[in-house]
1. Please find, within the stretch 72-92, the residue that is farthest from the chain's Cα centre (by Cα) out of those that are under 16 Å from residue 16 (Cα atoms) and crowded, with 18+ Cβ neighbours inside 10 Å.
2. Out of everything in the stretch 40-66 that is under 18 Å from residue 94 (Cα atoms) and in contact (Cβ under 8 Å) with a residue 12 or more places away in the chain, what residue ends up being farthest from the chain's Cα centre (by Cα)?
3. Give the stretch 41-71 a look and list any residue that's among the aliphatic types (A, V, I, L, M), surrounded by fewer than 21 Cβ atoms within 10 Å (Cβ to Cβ) and either in contact with a Gly (Cβ under 9 Å, 6 or more places away or on another chain) or part of a helix (DSSP H, G or I) (or both), or say none.
4. Name the pairs: first residue in the stretch 129-155 and closer than 20 Å to residue 39 by Cα, second residue open to solvent by 40 Å² or more (accessible area, probe 1.4 Å) and aromatic (Phe, Trp, Tyr), Cβ to Cβ under 7 Å, at least 6 apart or on different chains?
5. Restricting to the stretch 1-35, name every residue that is touching a residue at least 12 places away in the same chain (Cβ under 8 Å), assigned to a loop (DSSP other than H, G, I, E, B) and open to solvent by 50 Å² or more (accessible area, probe 1.4 Å).
6. Looking at the stretch 67-104 only, could you name the residues that are polar (S, T, N, Q), more than 16 Å from residue 156 (Cβ to Cβ) and modelled with pLDDT of 95 or more?
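The values are calculated or read from the model by the stated rules, or taken from the named source; none is laboratory data. Here the structure is a predicted model, which means the values were calculated and not measured. Here Cβ is always computed from backbone atoms with ideal geometry, including for glycine, and neighbour counts include all displayed protein chains. Side chains are part of the model used for accessible areas, which takes the heavy atoms of the whole protein and leaves out ligands, DNA and RNA. Shrake-Rupley method; radii C 1.70, N 1.55, O 1.52, S 1.80 Å.
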Amino acid sequence: MIREVKREEIPACVNLIKKSFKTVADEYGFTEENAPRFTAFATTDERLYWHMDGEHRPMYVFEVDGVLCGYYSLLLQNNNECELNNLAVLPEYRHKGIGKELLEHSFKIARSKGCSLMNIGIVEENTRLRKWYEDNGAVHVGTKKFDFFPFTCGYMKKEL
């Protein structure tokens with residue numbers, strides 16, 4: 001079941017995000033030393049409380065039998081655009097369609113908030129993830145290399 005995040009669930013969401021993104025870090029050799037700003041290492045309670053209270057981001061979890069196993073948030077931007085953030089599914093719950101349900105839910109919520117375009121950032125080297133987003137209607141629009149990441153940032157867009 002997908003539902004809005006409750007304030008008291010922020011610490012559980014932080015753990016879910018960190019654990020989910022840690023598998024990517026491990027696969028591609030990211031560490032807290034070489035990529036301290038990567039999601040697996042940079043997500044904190046304070047950051048998610050700011051997303052909720054300061055930026056008023058729509059935040060959702062996927063819950064199965066009382067376990068929060070999936071998460072995403074949306075950053076509402078200018079010009080009827082939004083950015084998908086921290087779409088995550090715990091490793092033990094992957095390959096069951098949860099990510100796709102969360103993604104489709106994010107499209108629906110974004111449209112309900114007046115968004116006509118969703119921006120998505122990925123680790124460019126993660127070709128499986130890029131293909132998954134493309135299979136779900138997103139289009140790759142470019143890349144950018146930042147000194148503080150040992151990977152290339154890929155950018156995708158999805159017309160809503």
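1. Start the filter on the stretch 72-92 by keeping residues that are under 16 Å from residue 16 (Cα atoms), which leaves 72-73, 85-92.
If we keep only those that are crowded, with 18+ Cβ neighbours inside 10 Å too, we end up with 72-73, 85-90.
Values: 72: 5, 73: 7, 85: 4, 86: 2, 87: 3, 88: 6, 89: 9, 90: 12 Å.
Here the residue is 90.
2. Among those residues, the one meeting the criterion is 64.
3. Within the stretch 41-71, 42, 52, 64 qualify.
4. Close Cβ pairs satisfying both conditions: 143/155; 151/28; 153/146.
5. Across the stretch 1-35, the qualifying residues are 1, 34.
6. Those that are polar (S, T, N, Q), more than 16 Å from residue 156 (Cβ to Cβ) and modelled with pLDDT of 95 or more: 73, 80.
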